Amino acid sequence: MSQSGKAYVVEKVKEMMAAASCCKEAREAAQSWLAAIGTDREAELAKALVAELEEDLMSIDGLIAFADSEAGAQVFGAEKAKAVAAHGREIKEAGGKYCDCPACVAVAAILEKKEEILG
């Protein structure tokens, strides 16, 4: 990966990690990859990071389904869950494929560079 490409991915990884919506597993995979940059474990941990992020990126349909569920109401609160579901429908109607929370936006940007990351 080019230096500018790596700098971009590192920036997006840090944005993802700083997001309140970033899950523990993604944060841990990101920390491990960042610590391994420049070492013989970088490629191995890049694969692990990409695999984790592919698993975690929330599809817009998944977001809507979650927000409409009882679990979504427990996480967001009943009113906020309704608002999240409605927002998800707006995103979908506009052609969006993924959740637009800060973590998912950063994950989508990182995964756009997947081929470069995996080298």
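The values are calculated or read from the model by the stated rules, or taken from the named source; none is laboratory data. Computed from a predicted structure; not experimentally measured. Methodologically, a virtual Cβ is constructed for each residue, glycine included, from the backbone with ideal geometry; neighbour enumeration extends over all protein chains shown. Heads up: the accessible areas ignore ligands, DNA and RNA and are worked out on the full protein's heavy atoms, side chains in. Shrake-Rupley method; radii C 1.70, N 1.55, O 1.52, S 1.80 Å.
The residues neighbouring A36, those whose beta-carbon lies less than 10 Å from its own, together hold a net charge of -2 under the Lys/Arg +1, Asp/Glu -1 convention. With θ taken as phi - 60° and the Karplus curve 6.51 cos²θ - 1.76 cosθ + 1.60 applied, the whole-hertz 3J(HN,Hα) list for the stretch 30-38 is 5, 4, 5, 5, 4, 5, 8, 4, x Hz, x standing for glycine and proline.
Surface listing: R89, R27 arranged by accessible area from highest to lowest gives R89, R27, probe 1.4 Å. Net charge in the neighbourhood of R27 (other residues with Cβ under 15 Å of its Cβ; Lys, Arg +1, Asp, Glu -1) is -3. Let me have the 222 nm mean residue ellipticity of the chain computed from DSSP H runs of 4+ only, each contributing -39500 (n - 2.57), with the sum over all residues rounded to the nearest 500. Counting only the DSSP helices, I get -23500 deg cm²/dmol. Candidate cross-link partners of K14 among the aspartates and glutamates, defined by an alpha-carbon separation under 20 Å and a same-chain spacing of 8 or more, comprise E25, E28, E42, E44, E52, E54, E55, D56, D100, E112, E115, E116. Distance from the C-alpha centroid of the stretch 18-43 to that of the stretch 45-99: 22 Å, rounded to the whole angstrom. Hydrodynamic estimate: the Kirkwood radius of the chain over Cα pairs, inserted into Stokes-Einstein at 25 °C and 0.890 mPa s, corresponds to D of 163 µm²/s.
Measuring only protein heavy atoms, the 1.4 Å probe finds Y8 accessible over about 80 Å².
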